[in-house]
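S.K.: Structure incoming, see below.
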Amino acid sequence: MTARQPAVPFILVTVFLDVIGFGLIIPVLPALIGDFTASRDQQAYWFGALTAAYGLMQFGCAPLLGALSDRFGRRPVLLLSIFGLGCDFLLMALAPNLWVLLLARLLGGATGANFSVANAYIADVTPPERRGRGFGALGAAFGLGFIFGPMLGGLLGATDVRLPFYVAAGLSLLNAAYGFFVLPESHPRERRVSFSFARANPFSALVSLARLRGVGNLVSVYTLFMLAQFVLHATWVLYTTFRFDWTPRENGFSLFIVGLMGALVQGVLLGRMMRQWGERRLVYIGFASGAIAYVAYGLATEGWMMYCIIFANLLSFAAAPALQAQISKAVSPEHQGVAMGSLSSIASLMLVVAPLLASPLLARVSHLPSGDWRIGATFFLSAGLQSLALLMAIFHFRRHPRPPALP
């Protein structure tokens, strides 16, 4: 175990730096795209294309990298993916046109799908009784990276729109160099298995949903909920730029507040909320709060109103873990892995679908005056999706007043 002492801290730092890198570019990527486009609608279309390309590569490559790490070991796959991510950020910083940006996003989606390998590494080097704590630390590193990444990106982007990309590239390349010297292999040769494209198929988890019993409409509820959330993610920066003339600084700070509120609810208040209302009622309350907030975002006429809505929408941050808990309880113990893997696949797929829906809609209304209520159309779409998810959840829970008895 002496050789493995640097392993877990390095993996946590890797995830933290990866997410900071993603967060760094969120407030400034639309502005960089704007340098290459002549109109708002072109900017919205290209932002959607780049976001969808990134999500599509993540969806396809996450199980592929996991399968490759089962065959060749965690260390080479992890280090190569970190190095590739650094090259992606550097290519974006130097990009002379939109096609190079698209190529960089494809590379970033493929190499940035290394969270499955990081999870496998944690499972390799921690005993079963401490594995939950290890995954919790991984989740905390992810959350901290997303809290500070956008804020830092906004501050750097206020100086130069390409500066956050150089910083993200530097962090990833330094992380790869550090890992080359300190990261031991966690997956011994005797445990490795031959590579199989069937195991690397990203649709296999989705197909397996049909085999689950007791979940019912909750899968559709989760799909609509994630789609509504990713529509917001795909259009937040462009919307606030078009409507309130926000710069990367304001967008970075707003995303910092969102991340901070999520960490507060899920890391501090969630247990108390669960005891106070129960999981099902928390799903109702969180969904309803989120739907109202989406409408309010779309109708806001001043930038400061967005912050008020974020704070007022506190309860919506508890909806996802409450819904996941209900889905988990509806599935037998031997199918927990399939169920959670399927939910991850749904989220990855919605990351592709959301910009394909939202970006053309935002492009269509982008020419409207900033005071026109129709410019909030993408948020109204999210509100509709969330409301439908709420109605389906109510219908499901009334038909199943108690979770099914599990063997």
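The values are calculated or read from the model by the stated rules, or taken from the named source; none is laboratory data. As the structure is a computational prediction, the values presented were derived from the model and not from experiment. Here the Cβ positions follow ideal geometry from the backbone for every residue, glycine too, while neighbour counts run over all protein chains shown.
S.K.: When you look at residue 116, is it at pLDDT below 70 and more than 21 Å from residue 19 (Cβ to Cβ), yes or no?
M.R.: So residue 116 does not fit the description; no.
S.K.: Another question, if that's okay. Does the stretch 41-64 contain any residue that is in contact (Cβ under 8 Å) with a residue 24 or more places away in the chain, outside any helix (DSSP H, G or I) and not aromatic (Phe, Trp, Tyr)?
M.R.: no
S.K.: Moving to a separate point now. Determine whether residue 76 is over 23 Å from the mean Cα position of the chain (by Cα), assigned by TED's automatic domain parsing to the domain that holds residue 162, part of a helix (DSSP H, G or I) and at pLDDT below 90.
M.R.: Yes.
S.K.: Report every pair of residues separated by at least 6 positions or lying on different chains whose Cβ atoms are under 6 Å apart, first residue within the stretch 185-204 and assigned by TED's automatic domain parsing to the domain that holds residue 344, second among the hydrophobic types (A, V, I, L, M, F, W, C) and at pLDDT below 70.
M.R.: Taking only residues 6 or more apart or on different chains, not a single pair turns up.
S.K.: Looking at the stretch 150-160 only, could you name the residues that are surrounded by fewer than 22 Cβ atoms within 10 Å (Cβ to Cβ) and touching a helix residue (DSSP H, G or I) at 6+ places or on another chain (Cβ under 9 Å)?
M.R.: 152, 155, 158, 160
S.K.: Oh, and also: Here are the criteria: (1) over 14 Å from the mean Cα position of the chain (by Cα); (2) modelled with pLDDT of 85 or more. Tell me which single one residue 66 does not satisfy.
M.R.: (2)
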